[in-house]
Each structure stands twice: as C-alpha cells, then as structure tokens.
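Engineer: Structure provided below as structure tokens; questions to follow.
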Amino acid sequence: MDDISNYDLRLLGRVIGETSHTVVLFTANRPPRVGEYVLIEYDNEDFALGIVEMSRIGNPLLTNRMLRPEVISRAESFGVEKHEYMIGQARLLSWLNTLIRERKVEAPRYPPKPMARVFEASGKILRKIFSLNNDGAWIRLGVLANHPDVPFYVNINTIISRHLAILAITGAGKSNTVAILTRRIVDELGGTVLIIDMHSEYEGVADNVNIVKPKINPSKLTLYEYYRLLNLEPKASKQRLYFRRAYTFAKYVTLKRPEEFFDVLISELEFYVDKGKYREIRNGKIVSIEFSSRDRSPVIDLLNKLYDLRDRYWGTILTPTAPMELTSVIKPGYANVVQLGSFDEEVADVITSHYLRRVLDERKRFRISGGSEGYPVALLTVIEEAHILVPKDRSTLTKEVASRIAREGRKFGVGLCLVSQRPKNVDDNALSQTNNKIILRLVEPSDQRYVQAASETLSDELLGLLPSLNVGEAVVLGLMTPLPAVVKIDRAKGKIEGGDVKALEEWRRWRNRNDRDLYDDLGI
C-alpha cells in the first residue's frame, strides 16, 4: 500500500465488538453518514473500503425508560451529554489496493481486528475509484451524495449488455435520470437511444433528438399486433382463424406492393362475406374454399372491426407510405422519442412492441450478415411506465418482446431500460434480468422488498435508506459501477416535463388571460 499520508486520511473511529469479513461496527468521533465510504485498516498495512449502512447515536444514561421530563432535566444538569456515543456499521466491499491498481473488486476473506482504525475515505481516493473514464465508455451520472467533490461515472457498455432499471416514486427524479443518461449517451458519445415516451415529456431530452410520430406501414404489423388492435381475444377463435387466412393471403399477393396490403386485407374479408368462401394459395395458385354459413356472422363482425380500425387510425398510425427502412424512423446517433401521450394502453402496447421487435430483428440481421444488412448501430431502448407495458400479472405484446431483449439483446447490442414508479407491478422476470439499477426514493415497503428480491447487492441497510433519499438522489447498483453508491444525479438541461402539473399556475394564467380579453373588449 502507498504511504497513508498520500491520501489525506482523517481518523473517524475504531472497530469494536466481534468483526466479520463482511460487516464491522465502529465507534466514531462524529455521526457517520449512511452511504459514505470509509477505510478499515488491516495489520498488513492494507485497507478495505467499506460503505456505511447504519448510523446511531446513544447515551447509556438516557434510556427509553426515562419518560418523565423532570428526570431528563435533572440528568441534563449533571452533564450526561458527555457520555454520548456514536456508532456506525460498514459493509466491507473490496481491498483498496485492488480497486485502485487493478480496477477490480476483490472482497476481503477475513475480518479486521477490533480496535482497527477506521478512516474517512478522502476525495482523492474516491476519485481514483469512481471517476473512471479511461476507455471512453464511462459517462457521468452525477456526484457521490456524501462526497460532492467526487464525480460518479457509469459504464455504458455494461448498461447496454446487462440492461438497467430506473425505479422511484413519482417526483423523485426518474425523468431527469433518463434525460441525463440520454443526453450523455447521444450528445457526448454519439450513441443511439430509443425512448418509449408514454406521456410525451421528453421532447427536449437531447440536442440531437428525433421525435417519432408513430406511423407504421400496415404490411409491417404482425398477426398478433393486429389481434391486439382489433381486440381479438383468444376466445374469438373463429374471427382469429378467418383473419389469419385473410392476413396470409394479403401478405402473399402484395409481396411486391406492400402499400396495397391493407386494402387487399379488407377486400379479402369482403369477398368472404359476399361469396361465402375464403381463398388460399396452393402450389402458387389461388384456390377458393367454401365455409359454413354459420361462420358468416363472425366474419361480418370481424370486417366491421377492421372498418373501425381504418376509420380510427388511417393516416396516423396506419400509413401505407410510412418508411420501410428502420433507420428512417429510428435515426442512428439520435435520441429517438416515440410519443405515445395521445394513445390508449392497447395501441401504445402495439406501437411499442412493433418498434422493439423490429429493432431486435434488424440488429440480429446486422450481426448475421456481417454488417451488410440490418440496423447498423447498438442502442439503448427505454420503456417508460414499464408497469403498464411490461406488467407482472397479465400478458402484453411489449412484455413478450422486452423479455426477448432481456435474454438476447446483449448478443446483438440492444440494451433494455425499464422505468417505473410501481416496481412491484413490473414483470419479475424482466426486472430480475436488469443487472444494473438506479433506485431513487421508494417509500412503500412492498415495492422495496420486490426491488430487493430482483437485486443481488441491495442490502437491508441500503434498502432502509430508500425512503429518506432526497429528490435526485439514488442508490446505484450493478456492473455499470465499480461499487454500490449513493449518488446525487446531475440536473439535465432542456425541458423535461416529468413533474406534476402545477394547478395554481395554470389557474392564474387562465385568469390573467381572461382579464386581458376583458380589457380588450372594453378598449382599455
């Protein structure tokens, strides 16, 4: 170990009681701060870096049985405050030497001795550990909350390959966290991000932003995406059957003219109704097959649903002239924001699953073709309101494709980021596969326990810290950071509408506008 004087260390206290290779108790000369880092001395002149998980102040002369105010007043006159003690509990994370010299976490396998010195970890040491930007893959997220002079960086390669969850109650800073990550990835690294924006709040998320107004070529929608748009539940078996036949037929005959797909789809169902027959392609020829007259009524209902779909979304979501090339929609080197604020959950599910599925398929094609086809760059896909689109207790199209990305995305450069204020309602399989987590303030115990069950490194003590985090503070865990950390996240520039509506301001603006209209009418 280097000379201790090189690191500007200040003595904080001494180890007490029975020690272990994972956790130590220590007395302190000031109240330890939960989330701050300390150094625990070993006999071999090495140090272990630890994080404070618990802090207590007590006085043996002032017990919880002293309930009468006059007793407390008499005790105060005797100077009992001199008997106060301060105790911290620190979890041992790694040998300091290994962290600084090898950039590797190596946890101690034996405990320090009682009376071992405990030092405050200086900014000089922490900057060596956390301010990693050697290979250009590290982006700044903020500063250490208990060490504001130490910038905190995360590894973007690990976020893409191991996925990420951003979890917090409403108003704790989720939108700002998404924005700061996006801006750093896009504007600083030239990376690509796809944001599923359920509330249309990320318009100013980066300098290089591409607002995606969902327009999908009808020929690009899958059979199950049509089922969802038409609300064809599995129990509507006959309608599903005849739609599948019409869909397959239309796909075949419009292979070289996909802009006609939807018209052919409707005309084929109209043919069913008029002729009592459906058509199939057999050996390259069209064959007409009669069906039971009892099936005519379900087909008429199906046709009406398709008319309703066309009336509702033609020219908006369903656009035959929409670009077929994915790079024309999701632009490489941009923050691509798919605005879904004006759509209901079912339609949002279809749009989200459609883009995510195409991204994954195109990235697979890129890899298989050796880079000659498919989508040309890796990207991070961000799903806002993940508890709606990737729910725990029901099936959605987005849930299916998000699970595929969670399992397969790392091999093809497709990262997944789930964002939610209701973690317990997010699919546990998808959440558990996000190896990196940014957890801002969480109050509800069931949410906290659910997140802990999906995390490998969230201890009970750090879990207990979550309700007391300030806005913009987060516990950061996972492979994207050298060590678990409590971080104050930077404030993103640009207009991010993630906060609550300020009702009073809106009322005042409306009243002032009405007052101005009245003055105009009076000629004042």
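Engineer: When segment 366-389 is examined, which residues are found to be over 13 Å from the mean Cα position of the chain (by Cα), free of Cβ contacts under 8 Å to residues at least 40 places away in the same chain and within 17 Å of S353 (Cα to Cα)?
Structural biologist: Answer for segment 366-389, where residues must be over 13 Å from the mean Cα position of the chain (by Cα), free of Cβ contacts under 8 Å to residues at least 40 places away in the same chain and within 17 Å of S353 (Cα to Cα): there is none.
Engineer: Among what's in segment 276-305 and is among the acidic types (D, E) and within 17 Å of L232 (Cβ to Cβ), pick the residue that is surrounded by the fewest Cβ atoms within 10 Å (Cβ to Cβ).
Structural biologist: From segment 276-305, those among the acidic types (D, E) are 280, 290, 295, 301; that's our starting set.
From what is left, the residues that are within 17 Å of L232 (Cβ to Cβ) are 295, 301.
On the way: D295: 16, D301: 13.
Top of the filtered list is D301.
Engineer: Strands (runs of 3 or more DSSP E) wholly in segment 199-315 with at least 2 residues that are basic (K, R) and outside the structural domain of A348 (by TED's automatic domain parsing) - which ones?
Structural biologist: Numbers: elements: 209-212, 277-282, 285-290.
Per the criteria, 277-282.
Engineer: Has segment 390-401 got any residue that is among the polar types (S, T, N, Q), at pLDDT 95 or above and buried (at least 24 other Cβ atoms within 10 Å of the Cβ)?
Structural biologist: yes
Engineer: List every residue pair whose Cβ atoms sit under 9 Å apart, with the two residues 6 or more apart in sequence or on different chains, where the first one lies in segment 249-261 and is in contact (Cβ under 8 Å) with a residue 60 or more places away in the chain and the second, anywhere, is crowded, with 18+ Cβ neighbours inside 10 Å and in a helix (DSSP H, G or I).
Structural biologist: The qualifying pairs are P258/P218; P258/S219; E259/P218; E259/S219; E260/S219; E260/A250.
Engineer: Among the residues of segment 332-344, is any part of a helix (DSSP H, G or I) and under 39 Å from the mean Cα position of the chain (by Cα)?
Structural biologist: no
Engineer: Would you pick out the residues in segment 360-392 that are part of a helix (DSSP H, G or I) and touching a helix residue (DSSP H, G or I) at 6+ places or on another chain (Cβ under 7 Å)?
Structural biologist: The first filter runs over segment 360-392 and keeps only residues part of a helix (DSSP H, G or I), leaving 360-368, 386-389.
Hits for segment 360-392 are L360, E362, R363, K364, R367, H387, I388, L389.
Engineer: Basic (K, R) and at pLDDT below 70: is that true of R511 in this structure? Show your work before the answer.
Structural biologist: Details: basic (K, R): yes; at pLDDT below 70: no.
Criteria not met by R511.
Engineer: Report whether or not V382 is at pLDDT 90 or above, farther than 24 Å from V205 by Cα and buried (at least 24 other Cβ atoms within 10 Å of the Cβ). Write out each step before concluding.
Structural biologist: On the way: at pLDDT 90 or above: yes; farther than 24 Å from V205 by Cα: no; buried (at least 24 other Cβ atoms within 10 Å of the Cβ): yes.
No; evaluated as a whole, the condition is false for this residue.
Engineer: Based on this model, can you work out whether G415 counts as in contact with a His (Cβ under 8 Å, 6 or more places away or on another chain), closer than 20 Å to N210 by Cα and surrounded by fewer than 18 Cβ atoms within 10 Å (Cβ to Cβ)? Show your work before the answer.
Structural biologist: Values: in contact with a His (Cβ under 8 Å, 6 or more places away or on another chain): yes; closer than 20 Å to N210 by Cα: yes; surrounded by fewer than 18 Cβ atoms within 10 Å (Cβ to Cβ): no.
Taking the combined requirement at face value, the residue does not satisfy it.
Engineer: Right, N155: on the phi < 0 side of the Ramachandran plot and in the same structural domain as I185 (by TED's automatic domain parsing) or not? Can you show your working first?
Structural biologist: Details: on the phi < 0 side of the Ramachandran plot: yes; in the same structural domain as I185 (by TED's automatic domain parsing): yes.
For N155, the condition - on the phi < 0 side of the Ramachandran plot and in the same structural domain as I185 (by TED's automatic domain parsing) - is met.
Engineer: Please determine whether any residue of segment 339-358 is within 28 Å of T248 (Cβ to Cβ), crowded, with 16+ Cβ neighbours inside 10 Å and among the polar types (S, T, N, Q).
Structural biologist: Yes; the residues of segment 339-358 include at least one that is within 28 Å of T248 (Cβ to Cβ), crowded, with 16+ Cβ neighbours inside 10 Å and among the polar types (S, T, N, Q).
Engineer: So, in segment 10-48, how many residues would count as being part of a loop (DSSP other than H, G, I, E, B), touching a helix residue (DSSP H, G or I) at 6+ places or on another chain (Cβ under 9 Å) and either among the hydrophobic types (A, V, I, L, M, F, W, C) or surrounded by 13 or more Cβ atoms within 10 Å (Cβ to Cβ) (or both)? Full working, then the answer.
Structural biologist: Filtering segment 10-48 for residues part of a loop (DSSP other than H, G, I, E, B) gives 17-22, 29-36, 42-46.
Still in the list and also touching a helix residue (DSSP H, G or I) at 6+ places or on another chain (Cβ under 9 Å): 34-35, 45-46.
Keeping just the survivors that are either among the hydrophobic types (A, V, I, L, M, F, W, C) or surrounded by 13 or more Cβ atoms within 10 Å (Cβ to Cβ) (or both) gives 34-35, 46.
Total meeting the criteria: 3.
Engineer: Also: Take R441 and tell me if it is outside any helix (DSSP H, G or I), at pLDDT below 90, under 28 Å from T481 (Cα atoms) and not polar (S, T, N, Q). Spell out the reasoning first.
Structural biologist: Values: outside any helix (DSSP H, G or I): yes; at pLDDT below 90: yes; under 28 Å from T481 (Cα atoms): yes; not polar (S, T, N, Q): yes.
For R441, the condition - outside any helix (DSSP H, G or I), at pLDDT below 90, under 28 Å from T481 (Cα atoms) and not polar (S, T, N, Q) - is met.
Engineer: While we're looking at this one, here's another question. Give the residue that is surrounded by the fewest Cβ atoms within 10 Å (Cβ to Cβ), with candidates limited to residues of segment 316-337 that are in contact with a strand residue (DSSP E or B) (Cβ under 9 Å, 6 or more places away or on another chain) and aliphatic (A, V, I, L, M).
Structural biologist: Here the residue is A322.
Engineer: Output the number of residues of segment 324-366 satisfying the condition of being of a type in the set (K, R) and more than 16 Å from L223 (Cα to Cα). I'd like the intermediate steps shown before the answer.
Structural biologist: Here is the first cut: in segment 324-366, the ones of a type in the set (K, R) are 331, 357-358, 363-365.
Okay, now just the ones that are also more than 16 Å from L223 (Cα to Cα), so 331, 363-365.
The number of residues fulfilling the criteria is 4.
Engineer: Now for a separate question. Are there any pairs, at least 6 apart or on different chains, whose C-beta atoms fall under 7 Å, with the first in segment 49-60 and over 11 Å from A121 (Cα atoms) and the second of a type in the set (F, W, Y), and if so, which?
Structural biologist: Listed by first residue and then by second, the contacts come to G58/Y85.
Engineer: Out of L462, L483, I need the residue that is at pLDDT 80 or above, within 21 Å of R91 (Cβ to Cβ) and outside any strand (DSSP E or B). Which one? Before you say what the answer is, go through the steps one by one.
Structural biologist: On the way: L462 fails: at pLDDT 80 or above.
Of the residues listed, the single one that is at pLDDT 80 or above, within 21 Å of R91 (Cβ to Cβ) and outside any strand (DSSP E or B) is L483.
Engineer: Right, next: Would a scan of segment 422-436 turn up a residue that is more than 12 Å from the chain's Cα centre (by Cα) and of a type in the set (A, V, I, L, M)?
Structural biologist: no
Engineer: Looking at segment 414-430, I want the residues that are in a helix (DSSP H, G or I) and have a partner that is at pLDDT below 90 with Cβ atoms under 6 Å, at least 6 apart or on another chain. Which pairs are those?
Structural biologist: Taking only residues 6 or more apart or on different chains, the pairs are P423/D447; P423/Y450; P423/V451; K424/S446; K424/D447; K424/Y450.
Engineer: Here are the criteria: (1) surrounded by 19 or more Cβ atoms within 10 Å (Cβ to Cβ); (2) in contact with a Gly (Cβ under 6 Å, 6 or more places away or on another chain); (3) more than 21 Å from I405 (Cα to Cα). Tell me which single one R184 does not satisfy.
Structural biologist: So the condition that R184 fails would be (2).
Engineer: I169 - would you say it is in contact (Cβ under 8 Å) with a residue 12 or more places away in the chain, within 15 Å of the chain's Cα centre (by Cα), surrounded by fewer than 24 Cβ atoms within 10 Å (Cβ to Cβ) and assigned to a loop (DSSP other than H, G, I, E, B)? Can you show your working first?
Structural biologist: Details: in contact (Cβ under 8 Å) with a residue 12 or more places away in the chain: yes; within 15 Å of the chain's Cα centre (by Cα): yes; surrounded by fewer than 24 Cβ atoms within 10 Å (Cβ to Cβ): yes; assigned to a loop (DSSP other than H, G, I, E, B): yes.
Yes; evaluated as a whole, the condition is true for this residue.
The values are calculated or read from the model by the stated rules, or taken from the named source; none is laboratory data. Values in this document were obtained by computation on a predicted structure and should not be read as measured data. Note: ideal-geometry Cβ built from the backbone for every residue, glycine included; neighbour counts use all protein chains shown.
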